[in-house]
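First the structure, in the form of structure tokens, and then the observations on it.
The values are calculated or read from the model by the stated rules, or taken from the named source; none is laboratory data. Bear in mind the structure is a predicted one, so any value in this text is a computation, not a measurement. Cβ atoms come from the backbone with ideal geometry, glycine included; neighbour counts cover every protein chain shown.
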Amino acid sequence: MSSKGNKLDLNNLKLSLMNRHNGKLKMAAIFALLVSTVTFNLGFANETDKEKFAKIYHVYVANTYVGAVADEATINEVVQQKELEASEQYENLAIDASADLTIIPEQVFKVEANEEQTLRDLQEALTVQAQAYSLQVGETVVASLKDKAEFEAVIDGLKLQYVTQKQLNELENNSTNESLPELKKDETRLIDVDLSAPITGQEMLAKPAEIVSVQQAVQLLQTGSQQQETYTVKAGDVLGSIAKAHHLTTAQLLSLNPSLTADSVLQIDQQLNVTVEKPFVTVKAIYEKKKDEEIDFAKIVEEDETMLKGEKVVKQEGSKGKKEVSYLITEENGVRTERVQSAENVLVEPENRVVVVGTKVIPSIGTGTFAWPAFGGYISSNMGHRWGRYHYGIDIARPSNYTIKASDNGVVKTAGTHSTYGNYVVIDHNNGFETLYAHLSRIDVSVGQVLEQGSALGQMGSTGRSTGTHLHFEIHKDGAEVNPLSYLN
């Protein structure tokens, strides 16, 4: 047979990808099959010889060539076995082992394939995946969930960390009502709950081990981590050192461990939560609250020139009012961030407290207000026990000048000498009070003399039982010594 005149045609045959395992085994390649058609010399033969072709199947996993087999069914068996093993390990997941598998058939004159080795390599190369639903915050894929129902359960589960199921149900029911019933006293109603960032999702394929539960996804959204980091207390640890070592404040550490207080005594081997929370999203809840509040009364002072200065009479006691107030309260992750008054209704008006005070000044009668009896100076000794005896007044030393002044209006009751007080003066203020001035170097007033507040009565000295120049000052009320510091203005 002569080959002269034989004609070679290249026909590009595009093979559609076939699905042999429940619609999964995909034929994803286009190959060229070279077909040689030999035209025989009609002088030598009257019939056309047709060549007999065999078929093999080339196997690829994720664009990596694995090998070839003669029987496509063996590939199907390996895939099914891989899926069966994964299904036993990951229950309730739709397992797929053929997502990255490509099979390309080829017609050959002779089958040459190490089928056994190819199937072993295929078992190793196949990657198991499962139908899943993504959980995405903004542009970030946070986790993979089993399906859309669990995705929706995560959204509700996150909200339920900060509001109750009853509140969510009422919120949903209220959203369908055109008008809401009026709030009762001390009643609180959830009027909105929202997330700080949108959470979206879509169907996807994921490794079964990467698919998380609803509870894990909720914790991940809250804290930025699925696992809670703990610290085991060691000898010498204190709250502050543990917090600092984990980049927390003591307040944050206490917040993460509600059973602890600032005074808690740590126990060796005690487990503490030190998870630094970086939430992907926060829950913002808005409540409406109505409550009754008191309205405080104003305090009015009226002057009466016919009454002595220091006298006062309550003309009207005063009473608090009452109002009904509505607030909009905003909480973020359970922490109040804002409270705004939205409405107010006065139920009872308050009554002012009115006090009438006297302004009439009579020099012989004290005003009830005591002025500092010296020109500056400081307290060198307070009232109380001192040197084995009781000190009934205060000592004032180092004034800017030594003139002693009457602390209030009154009449000089005593002006003389005493073994302990030295030169001293007593003023009767004719209102139950008396003042005493001791250790004077000179007395400039006499008994019966009327003194106005601030008028000079003598000079500071060191007479009597004294260790240096100073003024010993006492205030007596109804005959008993009282602490001058409680009355001096």
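I want to confirm something. Restricting to segment 154-167 and keeping residues that are of a type outside the set (Asp, Glu) and in a helix (DSSP H, G or I), which single residue is farthest from Glu91 (Cα to Cα)? Break it down into steps so the answer makes sense when it comes.
Going residue by residue through segment 154-167, those that are of a type outside the set (Asp, Glu) are 154-155, 157-167.
Filter again for in a helix (DSSP H, G or I), leaving 154-155, 157-159, 165-167.
Numbers: Val154: 20, Ile155: 23, Gly157: 23, Leu158: 25, Lys159: 28, Gln165: 29, Lys166: 33, Gln167: 34 Å.
Restricting to residues being of a type outside the set (Asp, Glu) and in a helix (DSSP H, G or I), the top hit is Gln167.
For segment 377-388, indicate whether the set of residues that are surrounded by 13 or more Cβ atoms within 10 Å (Cβ to Cβ), at positive phi and either in a loop (DSSP other than H, G, I, E, B) or in contact (Cβ under 8 Å) with a residue 24 or more places away in the chain (or both) is non-empty.
Yes, segment 377-388 contains a residue that is surrounded by 13 or more Cβ atoms within 10 Å (Cβ to Cβ), at positive phi and either in a loop (DSSP other than H, G, I, E, B) or in contact (Cβ under 8 Å) with a residue 24 or more places away in the chain (or both).
A quick yes/no check of all residues on (1) modelled with pLDDT of 90 or more; (2) touching an Asp or Glu at 6+ places or on another chain (Cβ under 8 Å); (3) not hydrophobic (A, V, I, L, M, F, W, C):
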position: Leu160; (1), (2), (3): yes, no, no
position: Asn174; (1), (2), (3): no, no, yes
position: Asp192; (1), (2), (3): yes, no, yes
position: Glu210; (1), (2), (3): yes, no, yes
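Of all residues in segment 395-435, count the ones that are aliphatic (A, V, I, L, M) and crowded, with 22+ Cβ neighbours inside 10 Å.
Adding up the residues that qualify gives 5.
From the list Ser241, Ser196, Ser213, exactly one residue is over 20 Å from Glu331 (Cα atoms), among the small types (Gly, Ala, Ser) and surrounded by 13 or more Cβ atoms within 10 Å (Cβ to Cβ). Which is it?
Exactly one residue qualifies, and that residue is Ser213.
What are the residue pairs meeting all of these: first residue in segment 183-202, first residue under 18 Å from Ser134 (Cα atoms), second residue small (Gly, Ala, Ser) and assigned to a loop (DSSP other than H, G, I, E, B), Cβ atoms under 8 Å, and 6 or more apart or on different chains?
What qualifies is Ala197/Gly138; Pro198/Gly138.
Tally time: how many residues in segment 54-73 are surrounded by fewer than 17 Cβ atoms within 10 Å (Cβ to Cβ) and in a helix (DSSP H, G or I)?
1
Check Leu190, Leu171, Leu126 and return the single one that is touching a helix residue (DSSP H, G or I) at 6+ places or on another chain (Cβ under 8 Å) and within 30 Å of Lys291 (Cβ to Cβ).
Numbers: Leu171 fails: touching a helix residue (DSSP H, G or I) at 6+ places or on another chain (Cβ under 8 Å); Leu126 fails: within 30 Å of Lys291 (Cβ to Cβ).
Going through Leu190, Leu171, Leu126 in turn, just one is touching a helix residue (DSSP H, G or I) at 6+ places or on another chain (Cβ under 8 Å) and within 30 Å of Lys291 (Cβ to Cβ): Leu190.
Being small (Gly, Ala, Ser), in a strand (DSSP E or B) and in contact with a strand residue (DSSP E or B) (Cβ under 6 Å, 6 or more places away or on another chain), is that true of even one residue in segment 112-132?
Checked segment 112-132: at least one residue is small (Gly, Ala, Ser), in a strand (DSSP E or B) and in contact with a strand residue (DSSP E or B) (Cβ under 6 Å, 6 or more places away or on another chain).
Taking the stated definitions as given, is Ser259 among the hydroxyl-bearing types (Ser, Thr, Tyr) and closer than 27 Å to Asn92 by Cβ?
no
Cβ-Cβ under 7 Å, sequence separation 6+ or interchain: first residue in segment 86-115 and assigned by TED's automatic domain parsing to the domain that holds Ala68 and on the phi < 0 side of the Ramachandran plot, partner among the charged types (D, E, K, R) and in a loop (DSSP other than H, G, I, E, B). Which pairs?
Note: pairs meeting the criteria are Leu93/Lys146; Asp96/Lys24; Ser98/Lys24.
Among (1) surrounded by fewer than 19 Cβ atoms within 10 Å (Cβ to Cβ); (2) in contact (Cβ under 8 Å) with a residue 24 or more places away in the chain, there is one condition Leu451 misses while meeting the rest; what is its number?
Condition not satisfied by Leu451: (1).
Could you check segment 407-438 and list, in sequence order, the residues that are over 60 Å from the mean Cα position of the chain (by Cα), within 14 Å of Phe370 (Cβ to Cβ) and among the hydrophobic types (A, V, I, L, M, F, W, C)?
Ile427, Leu436
Give segment 259-288 a look and list any residue that's modelled with pLDDT of 90 or more, under 29 Å from Asp194 (Cβ atoms), of a type in the set (Val, Ile, Thr) and more than 12 Å from the chain's Cα centre (by Cα), or say none.
Val281, Ile286
Tell me which strands (runs of 3 or more DSSP E) are completely within segment 399-486 and hold 3 or more residues being closer than 18 Å to Gly377 by Cα, or say none if there are none.
Qualifying strands (runs of 3 or more DSSP E): 403-405, 433-443, 456-460, 471-477.
Within segment 142-153, is even one residue more than 29 Å from Ile211 (Cβ to Cβ), in a loop (DSSP other than H, G, I, E, B) and out of contact with any Asp or Glu (no Cβ under 8 Å at 6 or more places or on another chain)? Talk me through it step by step, then tell me what you get.
Applying the first criterion (more than 29 Å from Ile211 (Cβ to Cβ)) to segment 142-153 yields none.
There is no residue in segment 142-153 that is more than 29 Å from Ile211 (Cβ to Cβ), in a loop (DSSP other than H, G, I, E, B) and out of contact with any Asp or Glu (no Cβ under 8 Å at 6 or more places or on another chain).
In the set Val346, Val355, which member is loosely packed, with under 15 Cβ neighbours inside 10 Å, over 30 Å from His439 (Cβ atoms) and in contact (Cβ under 8 Å) with a residue 12 or more places away in the chain?
Result of the check over Val346, Val355: Val346.
Given the options Leu93, Leu160, Leu183, name the one that is touching a helix residue (DSSP H, G or I) at 6+ places or on another chain (Cβ under 8 Å) and either crowded, with 18+ Cβ neighbours inside 10 Å or farther than 22 Å from Gly201 by Cβ (or both).
One residue alone meets the criteria, Leu93.
For the subset of segment 332-345 comprising residues that are assigned to a strand (DSSP E or B) and in contact with a Phe, Trp or Tyr (Cβ under 7 Å, 6 or more places away or on another chain), which member is nearest to Ala285 (Cα to Cα)?
Result: Arg339.
Only one residue in Val425, Val447 is touching a Phe, Trp or Tyr at 6+ places or on another chain (Cβ under 6 Å) and at negative phi, so which one is that?
Just a single option satisfies the conditions, and that option is Val425.
One line per residue, one yes/no per condition, for (1) touching a His at 6+ places or on another chain (Cβ under 7 Å); (2) in a loop (DSSP other than H, G, I, E, B); (3) loosely packed, with under 13 Cβ neighbours inside 10 Å:
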site: Leu260; (1), (2), (3): no, yes, no
site: Ser264; (1), (2), (3): no, yes, yes
site: Tyr287; (1), (2), (3): no, no, no
site: Phe297; (1), (2), (3): no, yes, no
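Which one of Ile394, Ile379, Ile404, Ile365 is aliphatic (A, V, I, L, M) and touching a helix residue (DSSP H, G or I) at 6+ places or on another chain (Cβ under 7 Å)?
Only one candidate passes the filter, namely Ile394.
Can you name the number of the only condition in (1) among the hydroxyl-bearing types (Ser, Thr, Tyr); (2) modelled with pLDDT under 85; (3) crowded, with 17+ Cβ neighbours inside 10 Å that Thr39 fails?
Among (1) among the hydroxyl-bearing types (Ser, Thr, Tyr); (2) modelled with pLDDT under 85; (3) crowded, with 17+ Cβ neighbours inside 10 Å, Thr39 violates only (3).
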